[in-house]
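Every read-out reported here was derived from the displayed coordinates using simple, explicitly stated rules and does not represent laboratory data. Values in this document were obtained by computation on a predicted structure and should not be read as measured data. Cβ placement follows ideal geometry from the backbone for every residue including glycine, while neighbour counts extend to all protein chains displayed.
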Amino acid sequence: MHEPRNRLGERRPDDDLILSVRDLAVHFPLGGGLLGRGRRLLRAVDGVDLELKRGECLGLVGESGSGKSTVALSILGLLTPTRGRIVLDGQVVTSRQSGDRKSLARTVQMVFQDPYASLNPRQTVRRTLEDPLRVHGVTAKSEIEDRVATMLRHVGLRPEQAGRYPHEFSGGQRQRIGIARALILNPKIVICDEPVSALDVSIRAQIINLLLELKETLGLSYIMISHDLGVVEHMSDRVAVMYLGRIVENGDWREIFERPAHPYTQALIAAIPDPLHHAPLATTGGDLPNPLNPPNGCAFSPRCRHAEAACRHEPGPSLETRPDGHAVRCWRADEIGAASASLSPSP
């Protein structure tokens, strides 16, 4: 029986879930004339299952347009799903009766990609951190000042910098402010949407290490959204790979990176810069298909070097989890996974 463990090998109970997503779908009707005639349906997310355990970091990866951010906005309660169920720390987010947005905001927060665009240039750092506290009922001036100062120290800034404006900080410092704003309400889950992609390479490692330190210090659970598998490999306990609105592979981070069984996952891993120049497991060409007109059969078949005639006509299999916790949506997953394991370089 598979026992979930974190990166340190410590056992994590199966029932210690803080987030459960079941059959999540988000469809957007587009165009159409009188009475909706000619309207087309954009299936941004189409049947996603995810789980997040307390103290865990789940990496959610895929190309732009694969549906990662749509999943995140649904979890935050900012998008109403077409179908599915999201349970967040015991609260059903997708229920019509779950309308306590304040309670949801105290449970899950988000760190955005662009730290400058996500901060109000007319507000000082103090105002940026104070406002959420006041909205959520913290009115004592001394408590607000203490919490702002403590949070700034947590993210590596000085309390006396609270009187400055965003333009007075570097990009890395602004992202630290964005992290402080996400954490000021003491949430249990933080969704990081490409948190380092807009930063200089020299600063990225600092922010990644800060996020890992805060995760342990504050007991946080993360969803790390990225198309950069190098970042995901460094931070994640488990990884879910999305393609055209669906999860195509899901499993322990080591299993995903050392024995990828879906050709799309292999192509993403092959794109990671490798200073040792190991031979790539796989390559892929072309762009993500138009979600308004998805291909027949397996959605990845037009770009897959392993595709056979059946792959282009039969829909991909359901995403079933194996005893080792590894799940793959591919007809040829067993032989592809075995081949990747034999080609993977030894550690």
Inset, instruction - Treating the Cα atoms of segment 165-264 as identical point scatterers in vacuum, please give the log10 of the normalised Debye intensity I(q)/I(0) at q = 0.18 Å⁻¹, two decimals. - result: -0.92
Inset, instruction - May I ask for the Kirkwood hydrodynamic radius of the chain, worked out over all distinct Cα pairs and given in angstroms to one decimal? - result: 21.6 Å
Legend entry - Charge dipole (debye, nearest 20) of the chain; +1 at Cβ of Lys and Arg, -1 at Cβ of Asp and Glu: 1240 debye
Legend entry - Amide H contacts of Leu19 (H built 1.01 Å from N, under 5 Å, at least 5 apart or other chain): Leu52, Asp89
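Determine the shape class of segment 105-154: with a ≥ b ≥ c the square roots of the Cα gyration tensor eigenvalues, call it rounded for a/c under 1.5, and otherwise prolate if a/b is greater than b/c, oblate otherwise.
Details: a/c = 1.73, a/b = 1.45, b/c = 1.19.
Verdict is prolate for segment 105-154.
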Legend entry - Residues with amide H under 5 Å from that of Arg83, placed H, sequence gap 5 or more: Ala25
Legend entry - Directionally averaged projected area (convex hull, Cα atoms, segment 121-184), nm²: 3.9 nm²
Legend entry - Proximal lysines to Lys53, defined as alpha-carbon separation beneath 27 angstrom and excluding residues fewer than eight positions away on the same chain: Lys68, Lys102, Lys188, Lys215
Legend entry - Table column - 3J(HN,Hα) (Hz), segment 118-129, Karplus curve with 6.51, -1.76, 1.60, x for Gly and Pro: 8, 10, 6, x, 9, 10, 5, 4, 4, 5, 4, 8
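Can you give the net charge of the other residues whose Cβ lies under 10 Å from the Cβ of Lys188, counting K and R as +1 and D and E as -1? Walk me through the numbers before you get to the answer.
Values: positive: Arg54, Arg106; negative: Asp89.
Here the count lands on +1.
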Legend entry - DSSP beta bridges in the chain [antiparallel fraction, %, rounded to 5]: 60 percent
